[in-house]
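The values are calculated or read from the model by the stated rules, or taken from the named source; none is laboratory data. Values in this document were obtained by computation on a predicted structure and should not be read as measured data. Cβ atoms come from the backbone with ideal geometry, glycine included; neighbour counts cover every protein chain shown. Quick note on the areas: whole protein, heavy atoms, side chains included, nothing else; ligands and nucleic acids left out. Shrake-Rupley method; radii C 1.70, N 1.55, O 1.52, S 1.80 Å.
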Protein chains: 2
Amino acid sequence: MKIATYNVNGINARLPVLLRWLKEFKPDIVCLQELKAPPEKIPEDAISEVGYNAIWHGQKRWNGVAILAKNLEIEEIQRALPGDPEDEQSRYIEALVHGLHICGLYLPNGNPAPGPKFDYKMLWIKRFKKRAKELIKENKPCILMGDFNIIPAEKDVYKPERWVDDALFRPEVRKEFEELQKQGWIDAIRFLHPEETIYTFWDYFRNAFSRNAGLRIDHFLLSPGLEKQVKRAGVDLEVRGWEKTSDHAPVWMELEKK
Amino acid sequence: MKIATYNVNGINARLPVLLRWLKEFKPDIVCLQELKAPPEKIPEDAISEVGYNAIWHGQKRWNGVAILAKNLEIEEIQRALPGDPEDEQSRYIEALVHGLHICGLYLPNGNPAPGPKFDYKMLWIKRFKKRAKELIKENKPCILMGDFNIIPAEKDVYKPERWVDDALFRPEVRKEFEELQKQGWIDAIRFLHPEETIYTFWDYFRNAFSRNAGLRIDHFLLSPGLEKQVKRAGVDLEVRGWEKTSDHAPVWMELEKK
DNA sequence: GTAGATAACG
DNA sequence: CGTTATCTAC
């Protein structure tokens, strides 16, 4: 069972790349972020034609998350992060797929920090931690996955010193990521590759990808015990090199049967 | 000697189509309109690579005219229509090419009429007639060519009754086109094809091209005597059917040696 | 419908 | 840099 997360940066602009990736890399369960399309403009038919079911939470211009599954039913649980009925941003979706509890998230970027956007990010994280704690208590296999917009540690960014004041790397944000792990969640990529330099995002500008000036901000957080079923994980770097590609690469992990 | 006029509707958006047309149809002298690009963004190198010299009069967003010539020198005469130093719109360019006096023009659309835009159109036409009269007096071979935004007669529009109040077809505008002809200028297309239905423009919307819901608004006006050298003229309809094409088709005429 | 400019967001 | 939306013009 191959599970992947991919910030597409515009599902319609990315459609050829997305479809090619689905066809060539065949992930079983996928969380997408930054659809940047209203619900009615999600290319459902094209996704269906390559064999995927899908549920999504889109909004007019920005954000937007989806869960795709290949020949598997997707049972939606909720499509909003609890804790703030006023929150209009479509950044969260939760479903049961193949007995797995999947939470797809697109955590706020938060820049510039400090400021209202950073405040929103911190509040969003607090709401998310609350939901994460509930899920831990359920004691069922669960994955929190998506674009966290959090660089967990110095080794997850090409030049840490340049990022100290950035909302993706500020100490209070990293601390929240640590606290999630203290709840019991396991950072799958780091669990399998404790020391390796692994990036999932490279800015479009200044040839960031060819210079490998990247960040690791797309993550899988596994509920306790699930790590025993994860033997392989990685980043589809090749996709980041395709024409008209996203600034993120797809990130994947393989889940073995118990 | 093949001479052509083509409203490209954005020279950069149209570059593949323009280059393909130049390579396949090999016009010797070309007037372009609606470059929609500032002078520094005219793709000079690409045009040069397919064998054309060029001069242009571009402006930031709209309008913009150019003269291209294949292996021929272009001697610029002026790049503004005389008569209003305040006029900022780049709609006129004049040059000597191969002994021919070429005036490339993009006459204002003028809609909605009545209104300031229509007033500007009428004033522009008056200035243009003045220059045209001067050119007639010079008694040298000269062609006024480009997008006139004038439908000369009922047979030049698919549904005349729908266009009576349009700035392209209003009686006072048609009258000005007639007056140009009274100065001595000869409408080359109509001279060769007195009765044929010939269109040069089809709206993008409502499948105007496939319904042949077109207009004839791109013209060649020949100085007296030049008509004897023109034996063939037409519209490159095929180009209007290409991918990412302009709403105008290229219009051409062939000039024989005396 | 299409193009270009601009603004917002990342 | 690059995506989407809005605006303007045609």
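Helical content of chain A, expressed as a calculated mean residue ellipticity at 222 nm, amounts to -7000 deg cm²/dmol (DSSP H runs of 4 or more residues, -39,500 (n - 2.57) each, divided by residue number, nearest 500).
Remark on residue B:220: its backbone amide H falls under 5 Å from those of B:188, B:189, a criterion applied only to residues 5 or more positions apart or on other chains, H modelled at 1.01 Å from N.
Ordered by packing density, taken as the mean number of other Cβ atoms within 10 Å over each peptide's residues, highest first, how do B:190-198, A:193-201, A:217-225 rank? Walk me through the numbers on the way to the answer.
On the way: B:190-198: 13.3, A:193-201: 15.9, A:217-225: 22.4.
In descending order of packing, they fall as A:217-225, A:193-201, B:190-198.
3J(HN,Hα) along region A:172-182, derived from phi through the Karplus expression 6.51 cos²θ - 1.76 cosθ + 1.60 where θ = phi - 60°, amounts to 5, 6, 4, 4, 5, 5, 5, 5, 4, 5, 5 Hz, with x in place of Gly and Pro. Averaging the sequence gap over all C-alpha pairs within less than 8 Å and six or more residues apart, then dividing by the number of residues, gives region A:2-255 a relative contact order of 19 percent.
Amide hydrogen proximity for residue A:230: with H placed 1.01 Å from N in the peptide plane, the residues at 5 or more positions away or on another chain lying under 5 Å are A:256.
The string of couplings for region A:122-135 from the Karplus curve (6.51, -1.76, 1.60, θ = phi - 60°) is 5, 5, 4, 4, 4, 4, 5, 4, 5, 5, 4, 5, 4, 5 Hz, one whole number per residue in order, with x for Gly and Pro. Relative contact order for region A:81-227: 26 percent, from Cα pairs under 8 Å spaced at least 6 residues apart, divided by residue count. Taking amide hydrogens as placed 1.01 Å from N in the peptide plane, the amide H of residue B:7 sits under 5 Å from those of B:33, each at least 5 positions away in sequence or on another chain. If you take the square roots of the eigenvalues of the alpha-carbon gyration tensor of chain A and sort them as a ≥ b ≥ c, do you get rounded (a/c under 1.5), prolate (a/b over b/c) or oblate? The shape class here is rounded. By accessible area, using a 1.4 Å probe on protein heavy atoms only, region B:134-185 has 46% of its surface on carbon and sulfur. Mind listing the phi-derived Karplus ³J(HN,Hα) values for region B:244-257, rounded to whole Hz, using 6.51, -1.76 and 1.60 with θ = phi - 60°, and x for any glycine or proline? For region B:244-257, the Karplus-derived couplings read 6, 9, 6, 7, 9, 9, x, 10, 9, 8, 10, 10, 7, 5 Hz, x marking Gly and Pro. If you average the sequence gap of Cα pairs under 8 Å that are 6 or more apart and divide by the length of region B:134-219, what percent do you get for the contact order? Relative CO of region B:134-219 lands at 40 percent.
In terms of its C-alpha gyration tensor, the protein assembly as shown comes out prolate, because a/c is 1.5 or above and the ratio a/b outweighs b/c. In a DSSP loop and with at most 10 other Cβ atoms within 10 Å, the trypsin sites (Lys or Arg not before Pro) in region A:1-93 are A:61.
Could you give the nm distance between label points at residue B:232 and residue B:257, where each point is 7 Å from its Cα heading toward the beta carbon? A separation of 1.7 nm, rounded to one decimal place. Using a probe of 1.4 angstrom and keeping all protein chains present, the accessible surface of the protein assembly as shown works out to 46 square angstrom per residue. Give me the percent of accessible area attributable to carbon and sulfur for region A:1-115, probe 1.4 angstrom. Carbon and sulfur together cover 48 percent of it.
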